[in-house]
Structures are given as structure tokens and as C-alpha cells.
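Chemist: Just dropping this structure here.
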């Protein structure tokens with residue numbers, strides 16, 4: 001166990017996301033036809049809404065909506081197409097559920113449209129380092145941001161010390177947030193498991209995730225659900241939808257090492273596992 005857990009709240013517009021003895025569970029809602037993990041399961045609006053309801057009932061405190069797949073080799077879609085996928089979903093979640101809404105995008109125009117529709121967090125896989133306007137949009141709406149370390153941005157970093165590079169690049173993302181006037185109490189960090197890293201580096205990022213929190217200054221998000229890295233820990237081949245148990249195991253390892261939040265597809269089983277972990281290990 002680590003002493004680098006974040007204790008406090010992150011400001012997300014009119015909502016507060018509290019962190020303490022219970023790990024926060026973020027449910028993934030991919031409203032795309034080509035997601036690597038769920039095969040367009042939420043592409044239809046009615047299916048998306050049913051799954052939002054189920055994830056909240058199963059324990060999700062945050063719903064992370066994605067309108068563009070960012071799997072390896074993904075094809076970028078237009079801003080208009082991405083907005084057409086996510087805005088109706090965000091508006092419906094806002095109107096029907098009391099939950100924090102996150103948008104998984106690296107484009108400031110998409111972020112602004114989602115924030116106008118009522119989302120609370122921008123989950124930027126490039127950590128404000130792709131779109132120069134992203135930080136100012138987040139600040140304009142007093143939203144929170146998840147800043148991810150991404151080795152794809154400047155080429156893969158297989159030969160580098162992964163922790164040194166992650167600290168360096170996350171520090172750059174934080175500085176960009178500060179330059180836009182965004183306070184530390186609006187930020188969450190993500191080590192970027194599976195984004196241009198080797199499987200060994202992904203494990204290292206998970207084991208040492210607490211070292212990336214800048215001595216507990218920021219809450220850390222672990223997002224390894226159904227990715228390739230959990231699958232290589234198994235002695236057999238699996239499809240993404242068969243990786244939930246090993247993904248949960250890796251998520252719990254991340255929490256043991258300092259993560260305060262997990263991003264997952266299978267909310268029910270993850271939340272139940274976290275209940276056992278948190279009440280046994282994290283609560284005094």
C-alpha cells in the first residue's frame with residue numbers, strides 16, 4: 001500500500017467529486033460503432049441510456065462518454081460527427097440522472113459542445129498537449145480535466161525510463177493547465193496505460209502510479225479495462241469482452257499502489273471488488 005492517495009474533492013463545474021476511503025468508479029460509455037471493447041454496443045441512443053442507468057445503479061459515480069475510438073490505428077472523425085454522437089447523450093444524461101459526466105475527447109471544439117450540453121469533466125488523452133485551445137475551454141466552463149500521459153504524442157517511448165518521462169510530460173500538462181488559470185483542485189492525472197507503451201512499461205506505470213501523483217497532490221486514474229496489457233497476464237488468448245476479471249485484478253493493483261479512481265467497462269463486478277478491497281485495506 002501507498003501513502004500517496006489523494007484525499008479531497010475535485011471541482012467539476014456545479015458538482016464535487018469526492019475522494020477518500022472509497023475508490024471512485026468511472027463507467028465507460030462508447031457511443032461509437034467501432035469500439036475495440038464493446039463492438040458498438042452503445043451506438044444506439046436507447047441502448048446507451050439503458051446502459052447509463054445500469055452503470056449508475058451498479059455504482060458508477062462518473063460516466064465517461066466517448067464519441068471517437070482511440071484504439072491503436074484509429075481513424076480520426078470530424079468534429080461535427082463526434083458532436084452528433086455525444087451531445088444528445090450528454091443532454092439526456094444531464095436531464096435524467098444525477099451523475100458526473102465526463103467526455104473523452106482531445107478536440108477543444110468537441111469539448112466546448114459537450115460542456116454547453118452539460119458535461120462536467122474533459123478527459124483529454126493528450127493532456128492539453130494536442131489542441132492549444134483545450135485548456136482555455138476547460139477554464140471557461142470551470143470544468144475539471146483528466147490529463148493523460150500519452151507516449152503516442154511524440155512517438156513511442158519503449159527505450160526510455162517510463163516513470164521519468166511520465167513525470168516530465170504530466171508536469172508539462174499541469175503547467176499548461178496553470179497557465180490557463182485552472183487550479184489544482186480541477187485536475188486528475190492518468191498514467192496512460194496502453195498508449196504507445198510496452199506491456200512491461202504498462203505494468204511499471206501501474207505499480208508506480210503513486211509516484212506520478214506529485215506526492216499525493218492529484219488524484220490518479222487507472223484505465224486498463226479490457227486493454228491488451230491485462231490480456232498478456234493470462235496464459236491464454238482472450239477477446240476484449242473476456243478480460244474483465246484480469247482487468248479488475250490490474251485495477252485493484254493500481255488502487256493498492258495509489259490510484260483513487262478506476263475507468264472500467266464492467267462497473268458492477270469492479271464496484272463489488274472495490275467494496276471488498278476498500279473496506280478491507282483502505283478503511284481504518
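Chemist: Let me spell it out: the conditions are (1) within 21 Å of residue 257 (Cβ to Cβ); (2) touching a strand residue (DSSP E or B) at 6+ places or on another chain (Cβ under 6 Å), and residue 165 meets all of them except one. Which number is the exception?
Modeler: Just one mismatch for residue 165, condition (2).
Chemist: Only one of 92, 135, 114 is farther than 22 Å from residue 261 by Cβ, outside any strand (DSSP E or B), touching a residue at least 40 places away in the same chain (Cβ under 8 Å) and in contact with a helix residue (DSSP H, G or I) (Cβ under 8 Å, 6 or more places away or on another chain); which?
Modeler: 92
Chemist: Let me ask something else. Can you tell me which residue among 164, 241, 185, 171 is modelled with pLDDT of 90 or more, more than 24 Å from residue 133 (Cβ to Cβ) and in a helix (DSSP H, G or I)?
Modeler: Just a single option satisfies the conditions, and that option is 164.
Chemist: Would you point out which residue out of 197, 206 is under 18 Å from the mean Cα position of the chain (by Cα), modelled with pLDDT under 95 and not in a strand (DSSP E or B)?
Modeler: Just one listed residue meets the conditions, 197.
Chemist: Report yes if residue 45 is under 18 Å from residue 118 (Cβ atoms) and modelled with pLDDT under 95, otherwise no.
Modeler: yes
Chemist: Looking at (1) in contact with a strand residue (DSSP E or B) (Cβ under 7 Å, 6 or more places away or on another chain); (2) touching a residue at least 60 places away in the same chain (Cβ under 8 Å), which one does residue 222 not meet, given that it meets all the others?
Modeler: Exception for residue 222: condition (2).
Residue-wise test of (1) crowded, with 24+ Cβ neighbours inside 10 Å; (2) in contact (Cβ under 8 Å) with a residue 12 or more places away in the chain; (3) over 20 Å from residue 149 (Cβ atoms).
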| residue | (1), (2), (3) |
| --- | --- |
| 201 | yes, yes, no |
| 230 | yes, yes, no |
| 235 | no, no, yes |
| 239 | no, no, yes |
| 243 | yes, yes, yes |
| 247 | yes, yes, no |
| 250 | no, yes, no |
| 257 | no, yes, no |
| 265 | no, yes, yes |
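Chemist: Would a scan of the range 226-234 turn up a residue that is in a loop (DSSP other than H, G, I, E, B), closer than 18 Å to residue 30 by Cβ and touching a strand residue (DSSP E or B) at 6+ places or on another chain (Cβ under 9 Å)?
Modeler: Looking for residues that are in a loop (DSSP other than H, G, I, E, B), closer than 18 Å to residue 30 by Cβ and touching a strand residue (DSSP E or B) at 6+ places or on another chain (Cβ under 9 Å), one finds at least one in the range 226-234, hence yes.
Chemist: Take the range 246-284 and flag every residue that is within 18 Å of residue 218 (Cβ to Cβ) and within 16 Å of the chain's Cα centre (by Cα).
Modeler: Answer for the range 246-284, where residues must be within 18 Å of residue 218 (Cβ to Cβ) and within 16 Å of the chain's Cα centre (by Cα): 254, 255, 258, 259, 260, 261, 262, 263.
Chemist: Sticking with this one: Just to be sure before I move on: is residue 253 assigned to a helix (DSSP H, G or I), on the phi < 0 side of the Ramachandran plot and touching a strand residue (DSSP E or B) at 6+ places or on another chain (Cβ under 9 Å) in the structure I sent?
Modeler: yes
Chemist: Among the residues of the range 154-170, which ones are closer than 24 Å to residue 64 by Cβ and surrounded by fewer than 18 Cβ atoms within 10 Å (Cβ to Cβ)?
Modeler: none
Chemist: Here is a list: 128, 97, 45. Which entry is within 23 Å of residue 262 (Cβ to Cβ), in contact (Cβ under 8 Å) with a residue 12 or more places away in the chain and surrounded by fewer than 22 Cβ atoms within 10 Å (Cβ to Cβ)?
Modeler: 97
Chemist: Of the residues 277, 271, only one is touching a strand residue (DSSP E or B) at 6+ places or on another chain (Cβ under 6 Å), in contact (Cβ under 8 Å) with a residue 40 or more places away in the chain and in a helix (DSSP H, G or I); which?
Modeler: 271 is the lone residue from the list that is touching a strand residue (DSSP E or B) at 6+ places or on another chain (Cβ under 6 Å), in contact (Cβ under 8 Å) with a residue 40 or more places away in the chain and in a helix (DSSP H, G or I).
The values are calculated or read from the model by the stated rules, or taken from the named source; none is laboratory data. All of these numbers come straight from a predicted model, not from anything done at the bench. Reconstructed Cβ throughout: ideal geometry from the backbone, glycine too, with neighbour counts over all protein chains shown.
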